[in-house]
There are 2 protein chains.
Amino acid sequence: MKESESKLENRNIKPTAMRELVLSVLSEQTAAISLADLEQTFEKADKVTLYRTLKTFEENKLIHSIDDGTGSVKYALCKETCQCHPEDLHVHFLCTKCKKTYCLNDIPVPSVNLPTRFTLENINMVIKGICSNFHR
Amino acid sequence: MKESESKLENRNIKPTAMRELVLSVLSEQTAAISLADLEQTFEKADKVTLYRTLKTFEENKLIHSIDDGTGSVKYALCKETCQCHPEDLHVHFLCTKCKKTYCLNDIPVPSVNLPTRFTLENINMVIKGICSNFHR
DNA sequence: GTTAACTTTGCAACTTGGTTGCATCAATTT
DNA sequence: AAATTGATGCAACCAAGTTGCAAAGTTAAC
């Protein structure tokens with residue numbers, strides 16, 4: 001069995017050809033990509049199918065979405081063990097020059113002392129700035 | 001001179017009637033509000049005017065915007081001294097039950113040790129969960 | 001192996017939030 | 001008062017995301 005196949009099945013996603021393709025595209029990325037980005041890597045693929053594929057992946061925690069404030073949601077692969085719980089989350093970085101959004105996998109989202117009676121479910125932390133590609 | 005007038009002028013915003021009205025609505029809020037919310041508080045006001053008013057306010061740092069991932073940007077008043085620099089920023093909280101977005105003014109955005117060659121400009125940190133209104 | 005049941009895919013069309021262009025109106029300046 | 005500048009309002013547009021439905025593909029049952 002192909003690796004992509006088992007990755008999908010591990011997350012209880014039926015491994016169709018389309019899904020394996022999308023997964024492989026996602027695996028190649030160094031930055032998070034949007035639905036539109038994904039669409040453009042395929043010459044001929046329906047936006048809606050890709051959209052639903054991403055939704056399925058996200059629901060099953062194969063990928064996570066990042067709202068970086070640019071108006072288009074980005075997606076990136078989760079780590080094998082990720083359950084998308086607060087302790088699994090990492091910081092994201094949006095470069096205002098190159099417009100790319102990176103997972104800073106090594107930087108966990110810092111914990112916050114919420115006032116009592118506030119229950120935490122999820123945290124979205126996006127840092128904007130200039131990335132190393134523009135500092136060289 | 002009215003207080004709202006001077007608040008506007010302090011931020012170099014020409015105090016028109018419309019702008020004073022919008023400012024007063026913003027002042028009344030306990031949660032951040034969207035353009036659509038704002039539109040509804042006025043019986044008769046053009047969406048575009050309100051939109052541009054918010055833009056002007058934001059550019060001049062009278063208010064700040066929060067992208068809470070709901071698909072509509074929210075706005076809230078800045079503190080008097082706010083320059084919207086990283087050290088001025090606070091955490092925001094989106095309640096998944098009541099759908100309101102609150103400024104947690106007392107909780108500064110925690111500082112993050114970025115890898116070298118990453119320059120920080122801004123941070124958006126939104127915590128999702130359930131707010132006190134639903135814990136009573 | 002054929003039929004039935006279910007899932008995925010693809011097309012069209014729509015919704016919503018945000019945005020721009022342009023004409024009009026108000027206010028400030030000379 | 002005429003001229004310049006800025007604010008407002010209407011219409012129309014744009015992009016991202018989303019839904020409905022039919023066609024194609026897959027799986028299961030007989």
Given a Förster distance of 35 angstrom, what is the FRET efficiency for A:Ser111 paired with B:Arg52, based on the Cβ-Cβ distance and rounded to 0.05?
0.35
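If I take every Cα pair under 8 Å that is 6 or more residues apart in chain A, average their sequence separation and divide by the length, what percent do I get for the relative contact order?
Averaging sequence separation for qualifying contacts and normalising by length gives 20 percent for chain A.
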Debye calc, one equal point scatterer per Cα of segment B:3-134, no solvent, log10 I(q)/I(0) at q = 0.09, 0.12, 0.18 1/Å comes to -0.28, -0.50, -1.04
10 Å Cβ neighbours from other chains, averaged over peptide A:106-113:
4
Take every Cα-Cα distance within the protein assembly as shown, group them into 5 Å bins from 0 onward, and report for each bin the whole-number percent of pairs it holds.
1, 5, 11, 14, 15, 15, 13, 11, 7, 4, 2, 1, 0, 0, 0, 0
For chain A, with a Gaussian network of springs between Cα atoms less than 10 Å apart, report the residue from A:Arg117, A:Arg52, A:Arg19 with the top mean-square fluctuation.
A:Arg117
Between B:Ala45 and the same site in the other copies, what are the distances in nm, shortest first, taking label points 7 Å from Cα along the C-beta direction?
4.5
Exam field: A:Glu28 pseudo-label spacings to other copies (7 Å along Cα-Cβ), nanometres
5.5
Estimated FRET transfer efficiency when R0 is 25 angstrom, pair A:Cys82-B:His85 (beta carbons, to 0.05)
0.15
Given pairs A:Lys74/A:Lys128; B:Lys7/B:Lys61; A:Lys61/A:Lys97; A:Lys47/A:Lys79; B:Lys14/B:Lys61 and cut-off 19 Å on Cα-Cα distance, the over-length ones are A:Lys61/A:Lys97; A:Lys47/A:Lys79
Please get the size of the charge dipole for segment A:54-136, origin at its Cα centre, with Cβ charges of +1 on Lys and Arg and -1 on Asp and Glu, quoted in debye to the nearest 20.
460 debye
With a/c under 1.5 counting as rounded, go ahead and sort segment B:8-82 into rounded, prolate or oblate using the C-alpha gyration tensor (a ≥ b ≥ c being the square roots of the eigenvalues; past the cut-off, prolate if a/b is larger than b/c, else oblate).
oblate
Value at 222 nm in deg cm²/dmol, rounded to 500, when DSSP H runs of n ≥ 4 in chain B each add -39,500 (n - 2.57)
-8500 deg cm²/dmol
Does segment A:93-136 classify as rounded, prolate or oblate by the C-alpha gyration tensor (a ≥ b ≥ c root eigenvalues; a/c under 1.5 gives rounded; else a/b over b/c gives prolate, otherwise oblate)?
prolate
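Read-outs: derived from the displayed coordinates by stated rules, not from any lab. All of these numbers come straight from a predicted model, not from anything done at the bench. Every residue, glycine as well, gets a Cβ built from its backbone with ideal geometry; the counts of neighbours run over all protein chains shown.
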